[in-house]
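Before any comments, here is the structure.
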Amino acid sequence: MRKYKISPKKKKKFRILLDSAFAKPDSFPKLKKKANLAHAVHDLGLSAQAEDEEIYQKAVEQNRFVLTINFKDFRKFVKEDKPGTLGIDSQLTNQEIDEKVTNFISGKDPEDYKGKATKI
């Protein structure tokens, strides 16, 4: 009888949409390794002045969490069973954002954060 190795279930990657206030995904190398990153303006072609609701709608269409510094405004859009939002402080450098968000999502399952607005 053959024995098969049971490999541990591969964790899903977070799919994150960077709000228009952020730098391009290349500015967050650690996060880019851990998550599937897209930028509202640079990757999805939204206007830099796009309304928050439009950005969140695009995130839902692409099944992505919105990473934003505008947490208060975005959290009101979050619906059950839809991607959530991740909020961070506005005064952080790109390097600090890269560290903080990467540390937060490491080892976590995106499914646990669906329909939630989470301040990091």
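We did not get these values from a lab; they are worked out from the coordinates using the rules stated. Bear in mind that the values here come from a model prediction, so they are computed numbers and not experimental data. All Cβ positions, even for glycine, are placed from backbone atoms using ideal geometry, and neighbour counts span all protein chains on display.
Positive-end ranking of Tyr56, Gly45, Gly115 along the dipole of the chain, with charges on Cβ about the Cα centre, is headed by Gly115. Put the Cα centre of the stretch 12-66 next to the Cα centre of the stretch 70-102 and the gap is 11 Å. Applying 0.36 nm per residue to the separation of Asp109 and Gln62 and subtracting their alpha-carbon distance, the gain on full extension is 15.2 nm. Compactness of the stretch 14-119, taken as the C-alpha radius of gyration over 2.2 N^0.38 Å, stands at 0.94.
Past the 23 Å Cα-Cα mark, which pairs from Lys33/Lys76; Lys32/Lys79; Lys12/Lys82; Lys12/Lys119; Lys79/Lys119?
Numbers: Lys33/Lys76 29 Å; Lys32/Lys79 26 Å; Lys12/Lys82 16 Å; Lys12/Lys119 21 Å; Lys79/Lys119 16 Å.
Check vs 23 Å cut-off fails for Lys33/Lys76; Lys32/Lys79.
Whole-Hz Karplus values for the stretch 20-27 come out as 4, 6, 8, 6, 5, x, 4, 6 Hz, taken residue by residue from phi with 6.51 cos²θ - 1.76 cosθ + 1.60 and θ = phi - 60°; glycine and proline positions read x.
Were the residues from Asn36 through Asn94 laid out at 0.36 nm apart, the gain over their Cα-Cα distance would be 19.2 nm. Dividing the helix sum by the residues of the chain, where each DSSP H run of 4 or more adds -39500 (n - 2.57), gives a mean residue ellipticity at 222 nm of -7500 deg cm²/dmol.
Between the Cα long axis of helix 52-61 and the first principal axis of the chain there is an angle of about 30°, rounded to the nearest 10. Here's how it looks for His39: its modeled amide H is under 5 Å from those of Leu18, Leu44, which are all 5 or more places away or on a different chain.
So if I place +1 on the C-beta of Lys and Arg and -1 on the C-beta of Asp and Glu, and nothing else carries charge, what would the dipole magnitude of the chain be about its Cα centre? I want it in debye, nearest 20. Don't skip to the answer; put the middle values down first.
Numbers: 26 positive and 18 negative charges, 241 e Å.
Using only the charged Cβ atoms, the result is roughly 1160 debye.
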